[in-house]
Protein chains: 2
Amino acid sequence: MSVNQTKEKPLFIGIDGGGSKCRATIYSSEDGVIGTGVAGRANPLHGLSQTFESIQMSTELALKDAGMSLSDSRALVAGLGLAGVNVPRLYQDIVSWDHPFADMFVTTDLHTACIGAHRGGEGAVIITGTGSCGYANVDDKHLCLGGHGFALGDKGSGAWLGLKAAEQALLHLDGFAEKTILTECILNHFKVHDAMGIVENLAGQTSSVYAKLARTVLECANEQDHVAKEIVKEGAAYISELARKLFEVNPPRFSMIGGLAEPLAPWLDKDVIAKLSPTLAPPELGATYFARQKFRIK
Amino acid sequence: MSVNQTKEKPLFIGIDGGGSKCRATIYSSEDGVIGTGVAGRANPLHGLSQTFESIQMSTELALKDAGMSLSDSRALVAGLGLAGVNVPRLYQDIVSWDHPFADMFVTTDLHTACIGAHRGGEGAVIITGTGSCGYANVDDKHLCLGGHGFALGDKGSGAWLGLKAAEQALLHLDGFAEKTILTECILNHFKVHDAMGIVENLAGQTSSVYAKLARTVLECANEQDHVAKEIVKEGAAYISELARKLFEVNPPRFSMIGGLAEPLAPWLDKDVIAKLSPTLAPPELGATYFARQKFRIK
């Protein structure tokens, strides 16, 4: 490729940073997506240096995938969607980064996910993956609900389901709570035999480690385990409530995104399921739309 | 002091490491306590290097307090009571430490707290400070219940009360939960004005930061705030249940230890309150008893 792109034909890179992965997509206005890359977690709430490393790594992989050289990053206009940058301090930390791009625009991962889900249009999304959060972008106004991160918020998320399940399994093993097949499933998940084994695998671990238990919790709930069902129902009730709060601003479209969107859907209230539309593009492509919008305004 | 202590007249140092502080006490069989020191948190579950630093620092302060030089640590027989060392990996990490003592014996902070509370005798304790846990030492058998650390377990602890309160305040601010005066109290605690301010002060923080909210939760509960009362009642019900499980092994004495022991006591069930005895010595002195017992056996 030629790095002397003009303002009229710029190259964009969209980056979606999350609790478990960082995805980058290089987009050309002429050719569409020309390269993609995936690196590790990029959540500023859980470490800035790891965030920058993952952004850099996913960028390098996308450049390589596009047949470009690493120095070509200087020609890219970047759009970053990152968790936690609604916290002013973290936003400042990110925009102060000595980044490798021609220009860099930063917004929340919710915003870029929403732009992507509705292919540049306005609408609302709920993200339920490692974390959970609701977001609506209507009439140029932004509504962000829930979130707040693990273990403080993120109700109904994968990490929340995992934490609640581990709590109940430990209470069961200690004789404080009712019997649940979750206990056996969690012991099997970690290949351990007692409470100590569970603690050793979870103590001080990140949200993504807890989120790996989410599928197990949903399976136990689907097998009618009472404790697992109560956890999933409480999480799903919160997500349904979250959706209804987003509907109050009349979003033209509504989608659910993230690894739990599909398995959690049957547990949501019917009025919420009725309004679900498929996502049209992934968050990292949403981040390129965001970069394109910001670049034009600038 | 003379560092050529004989096996018959050794000097002991008891160290109690916890989620917020590390306390060291130097004990002489002839003169009793001759020096004390307090340093920062020493919880191996949340970082080994900080644990070693805090042990070192509290030891140095205790030596100074006793009018001894730093190199005199080589003459001390140390007893360490540390959280998390029931996890085999962490126990190994601690005993493999290139420690500055003549000899070092390691056990859980629960064990040394229990030995201290009953001045060397057997009995049971519940610790409710930053974390929560139950422990009984009867007929040379050890029973350890609960704990598991923040945010996985430690129900009824200061950090747990703080986390539950922050969760409810954020749900209230987002419009998902009932009104609670906790919200205003937590906003005031951090001198912030919205959910984002609370998140900014708590996201990624340690259990001790959450535990600082516990007094606020108890005050709101005492002022009959419904949400705060429900949180405190749930925590206290768990602590009462924990106590009854300890009573099953017929401990000759029962005490409660930690910053929340006193404010939480009125919320416990009457049968538990009836069995409460005062603690006879602090955990760091319990750690010297432990060192003395182990040293004699060795």
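Rule-based calculations on the coordinates, nothing more; no lab input. Please read all numbers here as calculations on a predicted model, not as lab measurements. Glycine also receives a Cβ, built like all others from the backbone with ideal geometry; neighbour counts cover every protein chain displayed.
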* Return one number: the angle in degrees, 0 to 90 and rounded to the nearest 10, between the long axis of the Cα atoms of helix B:181-190 and the longest principal axis of the Cα atoms of chain B. => 50
* Asked: Of the GluC sites (Glu not before Pro) in segment A:211-292, which ones lie in a loop per DSSP and count no more than 13 other C-beta atoms within 10 Å?
  -> A:E223, A:E248
* Taking every residue in A:237-247, how many Cβ atoms of other protein chains lie within 10 Å of its Cβ, on average? -> 1
* Can you name the residue in chain A whose Cβ lies closest to the A-to-B rotation axis, and give that gap in whole Å? -> A:A151, 2
* Structure fact -> Any aspartates and glutamates whose Cα falls less than 14 Å from that of A:K21, other than same-chain ones fewer than 8 residues away, would be A:E53, A:D109, A:E284
* To do: Put a label point 7 Å from Cα along the Cβ direction on B:L280, then list its distances to the equivalent points in the other copies in nm, shortest first.
  => 7.6
* Asked: When the helix-only estimate is applied to chain B (DSSP H runs of n ≥ 4, each -39,500 (n - 2.57), divided by the residue count), what is the mean residue ellipticity at 222 nm, nearest 500 deg cm²/dmol?
  -> -13000 deg cm²/dmol
* Asked: For peptide B:196-204, how many partner chain Cβ atoms fall within 10 Å of a residue's Cβ, on average?
  -> 6
* To do: Check cross-link reach from A:K275 to the aspartates and glutamates: straight Cα distance under 17 Å, and skip same-chain residues fewer than eight apart.
  => A:E122, A:E241, A:E248, A:E262
* Asked: Helix A:226-247 versus the longest principal axis of chain A: what is the Cα-based angle in degrees, 0 to 90, to the nearest 10?
  -> 40
* Go ahead and set up a Gaussian network model of chain B, Cα springs under 10 Å, then flag whichever of B:T128, B:T107, B:T59 fluctuates most. => B:T107
* Return the lysines within reach of A:K9: Cα separation strictly under 21 angstrom, same-chain partners fewer than 8 residues apart disregarded; answer none if there are no such residues. => A:K64, A:K294, A:K298
* Asked: Quick one: Cα centre-to-centre distance for segment A:174-213 and segment B:184-257, in angstrom?
  -> 24
* Structure fact -> Contact order relative to length for segment A:65-142, counting C-alpha pairs under 8 Å separated by 6 or more residues, stands in percent at 25
* Could you give, in nm with one decimal, how far A:E184 is from each other copy of that position, shortest first, with labels 7 Å out from Cα toward Cβ? -> 5.1
* In debye, nearest 20: dipole of segment B:4-67 around its Cα centre with unit charges on the Cβ of K, R (+) and D, E (-)? -> 160
* Structure fact -> Mean separation of Cα contacts under 8 Å (at least 6 apart) over the residue count of chain B, i.e. the relative contact order in percent, is 21
* To do: Using per-residue counts of other Cβ atoms within 10 Å, averaged over each peptide, order B:151-158, A:65-72 from highest down.
  => B:151-158, A:65-72
* **Lysine pairs meeting the criterion (Cα under 28 Å, 8 or more apart or interchain), as found in segment B:78-215** => 11
* For peptide B:144-155, how many partner chain Cβ atoms fall within 10 Å of a residue's Cβ, on average? -> 6
* Structure fact -> Shortest first and in nm, the label-point separations between B:V249 and its counterparts in the other identical copies (7 Å out along Cα→Cβ) come to 5.5
* Contact order normalised by residue count of segment A:158-274, Cα under 8 Å, 6+ apart, percent -> 28
* Structure fact -> Relative to chain B, whose Cα atoms define the longest principal axis, helix B:283-297 and its Cα axis are tilted in degrees, nearest 10, by 40
